[in-house]
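The values are calculated or read from the model by the stated rules, or taken from the named source; none is laboratory data. Owing to the predicted nature of the structure, the values given are computational and were not obtained by experimental measurement. Please note: Cβ atoms are built from the backbone with ideal geometry, for glycine as well, and neighbour counts cover all protein chains shown.
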Amino acid sequence: MGSFISFVPTPFDDIDNFFKLARVSSRDVVYDLGSGDGRLLFAALDQGAARAVGVELDPDLVHRARLKAREKGVEDRVTFLEADVMDVDLSPATVVLCYLITAASAALKPKFETELKPGARVVMESFPVHGWKAVETRGEYKVFYLYRMPPEPGGANDEERLGTEYFDYGYEY
């Protein structure tokens, strides 16, 4: 999966959109796939999540996130894994947060369908999961998509709405 992604942090102004959709509670275990500096996970803990797990390939970002967790005094509630998301068991997650391009979402789709328990929520920033109908969306220019497992098939054809160039940048990641 590493070739699909590079570090593009979610702007701080957009973080609330994840949690307005996911509605995190004290029963939730939140995973962030491509967790970068951990900002979404720290926000999840602030929102009341029981635990948080970040999955990140970049060892420098993992180190930075672990230091920040220690500084915030939450290292007992958050874990940062230096790993490829395809190699991590997602079954403990009740909420999964992602800011990944369409190709990465397509690669993760069967993993989500196999490993996530019924009722788990997946929130995608900007790039929908094709073939799944979102339970709820938020935003206009930058759209956040909420899915609940098992996902309802179908959904709007976002490529037609936004134009295929929105999804196929042609960049190497």
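If you check 53, 74, 62, which single one turns out to be crowded, with 19+ Cβ neighbours inside 10 Å and farther than 18 Å from residue 8 by Cβ?
On the way: 74 fails: crowded, with 19+ Cβ neighbours inside 10 Å; 62 fails: farther than 18 Å from residue 8 by Cβ.
Testing whether each residue is crowded, with 19+ Cβ neighbours inside 10 Å and farther than 18 Å from residue 8 by Cβ leaves just 53.
Taking the criterion of being within 14 Å of residue 46 (Cα to Cα) and not hydrophobic (A, V, I, L, M, F, W, C), the residues of region 20-36 that qualify are 20, 23, 25, 26, 27, 28. For residue 117, the requirement of being under 13 Å from residue 31 (Cβ atoms), basic (Lys, Arg) and either surrounded by fewer than 16 Cβ atoms within 10 Å (Cβ to Cβ) or out of contact with any helix residue (DSSP H, G or I) (no Cβ under 9 Å at 6 or more places or on another chain) (or both) is met. Here the condition is being within 13 Å of the chain's Cα centre (by Cα), buried (at least 20 other Cβ atoms within 10 Å of the Cβ), within 25 Å of residue 13 (Cβ to Cβ) and modelled with pLDDT of 95 or more; of 144, 112, 80, it holds for 144 alone. If you take the residues of region 26-50 that are among the hydrophobic types (A, V, I, L, M, F, W, C) and more than 18 Å from residue 116 (Cα to Cα), which of them is surrounded by the fewest Cβ atoms within 10 Å (Cβ to Cβ)? Here the residue is 45. A Cβ distance below 8 Å, combined with a sequence gap of six or more or placement on separate chains, defines the contacts here; from region 26-43, residues that are within 12 Å of residue 10 (Cβ to Cβ) and free of Cβ contacts under 8 Å to residues at least 60 places away in the same chain reach residues that are among the acidic types (Asp, Glu) and surrounded by 21 or more Cβ atoms within 10 Å (Cβ to Cβ) in the pairs 35/56; 36/56; 38/32; 40/32; 41/32.
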